[in-house]
Amino acid sequence: MNKLLLIGAGAMAVEYAKVLDDLDCDFDAICRSEERANSFKEQTGHLCLGGGIESIKDFSIYNKAIVATNVTSLKHCAKILIENGVNEILLEKPGGIDQAEIAALLNCARLNQGKVFIAYNRRFYASVQKAKEMIESDGGAQTASFDFTEWSHVIEKIEMPAVLKRNWFLANSTHVVDMAFYLIGKPMELAPFTSGALSWHVPSKFSGSGISTENVIFNYSANWESAGRWSLEITTNKRKLIFCPLEELQEQARGTIAVTKVNGIDYEKDQAFKAGIHAQTKAFIEGETTKLKSLEEQVQDLNYYNQILGKKIGAN
């Protein structure tokens, strides 16, 4: 009998459990803390074992796993799964705390024929999938602009490991960056600029522009020391597509001023569950991996993540 193993018992794991129930997928859950395990059961009705992944003696009944732990544990848990023969893994983003962890995990996966996918669920928003259809119907995107401003005044007060705050762009801001380049193509040329610093993250201000592999001219900005919110705008020869918030899609037709909601989008699953999680999990379980982000793709994308951060290509 094959089961799915869900690792973690925090907020994301609870969201996955709700979706797995809706998909009628048989699963076991495990986490480190007995307290978290009890909370998970209260929220989901499912038993969650404490003791952590290290306490599992037999992995043979599991053919797939979802790792929804905190960022600092992602690589560790995925590596144990791969080395124990659980080779199909949906791993919460970004896949590790930094470039070194993510690259090391890829090496482990290659040695053991592991198939690891990074859970950038915004790719699976109903708004994003509709936009992708509209962009293709319009003959392709032409320009794009996005903002990944983080609310530093909120983040600095949250208790979390210093290494996580230090890598906050990778751990959190890449949600927006991945969504943008999923829709317009990867950067072919990129001119990034950075400045400023917070006590816990360098840099704090970002701006840049470039052209994608789909010949889309793009620009981005973010100021973590000022006001702002995540957003994305994409133009075609017929309209401007506007994501603000990212979960909703609006449009402005060429030659008009009015901004209106795009019709014909089924938001049911994105409203009933954490947005994007249902479609993403369903795709993973059913082996429909074309929209999922592979670990290989994530490692490749680290090159332009580093450029956006003002680092040299390949630098840690």
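Note down the relative contact order for the stretch 123-267 as a percent, whole number, built from C-alpha pairs under 8 angstrom at least six residues apart.
That works out to 30 percent.
Computed from label points 7 Å out along Cα-Cβ, the spacing between Met188 and Arg254 is 2.1 nm. About its Cα centre, the stretch 123-267 has a charge dipole of approximately 120 debye under the convention of +1 per Lys or Arg Cβ and -1 per Asp or Glu Cβ, with nothing else charged. The modelled label-to-label distance for the pair Lys57/Glu297, using points 7 Å beyond Cα in the direction of Cβ, is 4.0 nm.
Calculate, in whole percent, how much of the Cα-Cα pair population of the stretch 3-119 lies beyond 23 Å.
Numbers: 1545 of 6786 pairs.
So the portion of pairs separated by more than 23 Å is 23 percent.
Projecting the Cα atoms of Thr235, Ser199, Asn219 onto the charge dipole of the stretch 198-246, computed from C-beta unit charges around the Cα centre, puts Thr235 farthest toward the positive end.
Among the DSSP beta bridges whose two residues both lie in the chain, what percent are antiparallel, rounded to the nearest 5? Please list the in-between numbers first.
Numbers: 32 of 57 bridges.
Counting DSSP beta bridges with both partners in the chain, the antiparallel share is about 55 percent.
Listed values for the stretch 196-202 are Karplus-derived 3J(HN,Hα) couplings in whole Hz (6.51 cos²θ - 1.76 cosθ + 1.60, θ = phi - 60°), namely x, 7, 9, 5, 10, 8, 10, and x replaces Gly and Pro.
Reported to the nearest whole Å, the Cα centre-to-centre distance from the stretch 71-102 to the stretch 260-316 is 16.
Each label point was placed 7 Å from the Cα along the Cα-to-Cβ direction; for Leu111 and Asn87 their separation is 1.6 nm. Relative contact order of the chain, taken over Cα pairs closer than 8 Å and 6 or more residues apart, is 18 percent.
Where does the chain land at 222 nm, in deg cm²/dmol rounded to the nearest 500, when only DSSP H runs of n ≥ 4 count, each adding -39500 (n - 2.57), divided by all residues? It would help to have the intermediate numbers written out before the result.
On the way: 11 runs with 107 residues, N = 316.
Rounded to the nearest 500, it is -10000 deg cm²/dmol.
The distance separating the Cα centre of the stretch 207-233 from that of the stretch 39-55 comes to 40 Å. Tell me, what ³J(HN,Hα) does each residue in the stretch 93-104 have, in order and in whole Hz, if you take phi through Karplus 6.51 cos²θ - 1.76 cosθ + 1.60 with θ = phi - 60° and put x for Gly and Pro? Using θ = phi - 60°, the values come out as 6, x, x, x, 6, 7, 4, 4, 5, 5, 5, 5 Hz.
Kindly provide log₁₀ I(q)/I(0) values, in the same order as q = 0.08, 0.14, 0.17 Å⁻¹, from the Debye equation applied to equal alpha-carbon scatterers of the stretch 123-267. Computed log10 I(q)/I(0) values: -0.24, -0.70, -0.96.
Bear in mind these aren't lab numbers, they're just calculated from the coordinates by the rules spelled out. Predicted model, so just to flag it, every value in this text is computed and none were measured. No Cβ is skipped: glycine too gets one built from the backbone with ideal geometry, and neighbour counts run over all protein chains shown.
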